[in-house]
Structures are given as C-alpha cells and as structure tokens.
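Down below is the structure, laid out as structure tokens.
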Amino acid sequence: MDWKFNLDKNHNILIVKVTGKIVSERTAQMAIEGINIARQNNCIKFIIDYTETEVEDSIFETYKFMGDLAKLGITHSDSIAIVYSGDKDKHQFAETAAANSGWNNVRYFNDLEKGIGWLRTRN
C-alpha cells in the first residue's frame, strides 16, 4: 500500500491517492501522516482516493479500525470523503461501522465528483 498527499489550497482539501492492498496497519500510518499535514495547513477536509486499491482487511479489522479513528487524530470537525471503485460491500461495511461508532463525517462514494460535492457542502 502506497500513498501520495496533495493539498488543494483553493478548496483547502487534502487529497490522498492510495494504491495497492489496503491493510489497517498501513492505513493508520497514512492517516497519521495526513492528519499532520492537514493540521499544519488548517485543513479539515479530506478526499481519500481508493480507486486503485483492494481491501485486504477482515470485517473484524475494518470494524475495529473504524471505531478507533480518534486515536489517529481524526476529530468530528473533519470531513472525510472516501472514493472507491471495487470492493463495494467492504467499503459500505466500513461506512456503516464508522457511522455506528459516531463518525457521521466519514462518507464513501463510488464517484470522485460526488465526494468533492459532498465536501463542499461541509463547513
């Protein structure tokens, strides 16, 4: 799993392009790095592009990860749009797990423009 950060200063959105196999341990590392960049730039909006990835985590690992987002530095003021193309059931489960853990600011989309549109409606 590899990633690249790009800060869109016009819209104050941190864009994260991810490739490879998604595993929670590496995702946590990516999140911490991204949060640090965002905080240095007063950014609270994120797009995570998973369109070139494959989910490797089990359902249990996904559930646990989504319940522990605060440990990574994510706050309820942040808005996170996650865009995917494959593994639909796994991504939908992750969104449900996040919402069930009180993270209604994390949304999943299968279209990049819809994710960007949702972020633009957020404070």
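The values are calculated or read from the model by the stated rules, or taken from the named source; none is laboratory data. Just so we're clear, the structure is a prediction, and the values are computed from it rather than from any experiment. FYI the Cβ positions are ideal-geometry reconstructions off the backbone, even for glycines, and counts take in every protein chain you see.
The table for this structure:
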| read-out | value |
| --- | --- |
| Subset of the range 1-60 (residues that are among the small types (G, A, S) and in contact with a Gly (Cβ under 8 Å, 6 or more places away or on another chain)) | A31 |
| Qualifying strands (runs of 3 or more DSSP E) (wholly inside the range 30-123; at least 1 residues being within 11 Å of the chain's Cα centre (by Cα) and among the acidic types (D, E)) | 45-55 |
| Candidate set from the range 50-62 (those that are within 13 Å of M1 (Cβ to Cβ), in contact with a helix residue (DSSP H, G or I) (Cβ under 8 Å, 6 or more places away or on another chain) and not hydrophobic (A, V, I, L, M, F, W, C)); member that is surrounded by the most Cβ atoms within 10 Å (Cβ to Cβ) | Y50 |
| Residue tally, condition over 14 Å from S24 (Cβ atoms), out of contact with any Ser or Thr (no Cβ under 9 Å at 6 or more places or on another chain) and not hydroxyl-bearing (S, T, Y), over the range 92-114 | 11 |
| Residue that is modelled with the highest pLDDT, among those in the range 77-94 that are of a type outside the set (K, R) and surrounded by fewer than 13 Cβ atoms within 10 Å (Cβ to Cβ) | S77 |
| Selection within the range 10-29 - of a type in the set (G, A, S) and part of a helix (DSSP H, G or I) | S24, A28 |
| Test: residue in the range 67-76 that is at pLDDT 95 or above and polar (S, T, N, Q) | yes |
| Selection count where residues are at pLDDT below 95 and in contact with a His (Cβ under 9 Å, 6 or more places away or on another chain), scope the range 42-61 | 1 |
